[in-house]
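The values are calculated or read from the model by the stated rules, or taken from the named source; none is laboratory data. None of the values given here were measured: they were computed from a predicted structure. Here Cβ is always computed from backbone atoms with ideal geometry, including for glycine, and neighbour counts include all displayed protein chains.
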Amino acid sequence: MMKDIAIKPAEIILPDTSDMTAWACIACDQFTSEINYWKKLESEVKGKPTTLDLIFPEIYLADDPDGRIKRINENIKEYEKNGIFKTLPKGYILTVRTTPFVKRRIGLIGAIDLTRYDFMAGATPQVRATEGTIEERIPPRLKIRKDADVEFPHIMVLFDDEKREINEELYARRNEFEKLYDFTLNMGGGRVEGYFISDCDLIEKKFAALLDSERLIKKYGKDDKFLFAVGDGNHSLATAKRHFEKVTENLSEEEKLNHPARYALCEFNNIYDEGIYFEPIFRFVKGVNKEKFIKGLNGLDIGNAAIYSGELKNVLGALDIPSGIKSADEYIKKYISENGGEVDYIHGESNLKELVDNTPDSVGIIFNKIQKEDLFKYVVNNGPFPKKTFSMGEGIEKRYYLEGRKIR
């Protein structure tokens with residue numbers, strides 16, 4: 001008997017538009033200190049159907065959030081009214097992405113069962129957060145989801161298929177499937193193509209096989225039924241979980257199990273995919289007394305890292321990468337509470353250095369990257385990494401909003 005697994009096929013929405021390049025836009029939590037990126041994107045897609053109308057870029061979180069959320073929900077209803085959304089039969093989409101940095105990244109678009117997911121520390125369900133969740137990032141997303149009829153996710157979920165028997169085999173057979181889209185992404189994001197898969201049973205059997213007890217003990221040292229790790233979009237998936245709990249709190253157990261909010265749309269990626277690579281996420285701290293901030297930081301062990309304040313200074317410590325990041329984050333939080341300032345999380349060393357060079361009273365902290373092959377075993381034995389420990393690739397490689405799904 002096949003194990004009850006967290007991945008399910010979905011009735012996926014695609015847009016009825018001739019300009020897919022304008023439709024798809026990058027994840028809302030990217031370029032959060034780079035307003036010019038978002039201004040240029042707004043100019044490029046103006047007047048065209050676009051997911052930019054349907055999402056809340058986090059760079060604008062302090063800019064009339066209630067007004068923006070109201071407009072997002074109005075836009076969703078307007079798009080529905082105008083027939084922009086077309087719904088496919090239940091199935092999966094095989095998606096293939098090229099970026100400026102990788103030739104190919106294979107993903108499988110499907111639904112994740114939120115009853116099999118928990119982002120709280122210490123939880124051990126099939127689907128787990130890989131990093132700490134920043135609670136204050138959930139409420140704005142929850143406000144949007146509360147009244148939204150559809151979701152357009154940027155969530156990427158990892159699975160550990162060392163034999164490459166799922167996504168890679170589907171990719172080898174891609175010419176057997178209906179091609180749904182093939183277009184260039186805006187703002188230098190590369191290219192993406194997608195194929196519809198209606199035969200779902202074999203896919204689910206192969207995912208279930210990854211939960212074989214003997215395999216798990218051999219790989220992780222224990223029979224821990226850990227199938228999916230949230231790689232990108234942890235806060236969006238946490239929001240979906242909170243929304244499901246809220247809208248079903250007065251329903252019967254049977255009604256909960258059949259509610260559309262029980263599921264969230266995601267892209268599933270094999271951690272062994274050549275297009276999946278980990279990059280560190282750096283700390284950009286501004287509005288601080290540089291000398292005082294650095295002096296306090298120098299008194300700590302933050303592992304092998306570096307401090308940038310116009311010049312780069314390497315720091316040697318005894319802590320491993322996750323422990324070093326935790327130590328630095330605790331110091332940043334304490335410093336800001338006592339002295340003021342702000343912290344942002346930046347992808348790319350050149351981006352961080354440019355921000356520090358152009359921002360008075362700011363400091364950057366640069367960490368080394370973790371190895372992707374260590375992720376599942378680490379989470380099994382230690383729980384999630386500290387928040388914002390790693391990024392899957394560079395900022396421009398993040399998932400673009402493209403496919404959707406009804407949640408009401």
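At least 3 residues being farther than 23 Å from PRO9 by Cβ and either assigned by TED's automatic domain parsing to the domain that holds MET156 or not hydrophobic (A, V, I, L, M, F, W, C) (or both) is the threshold, and among the strands (runs of 3 or more DSSP E) wholly inside segment 219-307 those reaching it are 278-286.
Within segment 54-65, track down each residue that is surrounded by fewer than 18 Cβ atoms within 10 Å (Cβ to Cβ) and either free of Cβ contacts under 8 Å to residues at least 60 places away in the same chain or not assigned by TED's automatic domain parsing to the domain that holds PRO140 (or both). TYR60, ALA62, ASP63, ASP64 - these are the residues of segment 54-65 that are surrounded by fewer than 18 Cβ atoms within 10 Å (Cβ to Cβ) and either free of Cβ contacts under 8 Å to residues at least 60 places away in the same chain or not assigned by TED's automatic domain parsing to the domain that holds PRO140 (or both). Counted as qualifying within segment 60-134 are the strands (runs of 3 or more DSSP E) with 3 or more residues that are within 30 Å of ASN175 (Cα to Cα) and not small (Gly, Ala, Ser), namely 85-98, 105-113. One residue stands out among those in segment 1-52 that are of a type in the set (D, E, K, R) and closer than 19 Å to GLY233 by Cα: the one that is modelled with the lowest pLDDT, which is ASP29.
Candidates are the residues of segment 273-307 that are among the small types (Gly, Ala, Ser) and touching a helix residue (DSSP H, G or I) at 6+ places or on another chain (Cβ under 7 Å); the one that is surrounded by the most Cβ atoms within 10 Å (Cβ to Cβ) is ALA305.
Within segment 54-61, is even one residue of a type in the set (D, E, K, R) and over 17 Å from the mean Cα position of the chain (by Cα)? No, the conditions are met nowhere in segment 54-61. Scan segment 83-119 for residues that are surrounded by fewer than 17 Cβ atoms within 10 Å (Cβ to Cβ) and either closer than 27 Å to GLU394 by Cα or outside the structural domain of ARG164 (by TED's automatic domain parsing) (or both) and jot them down. Result: PRO100, PHE101, LYS103, ARG104.
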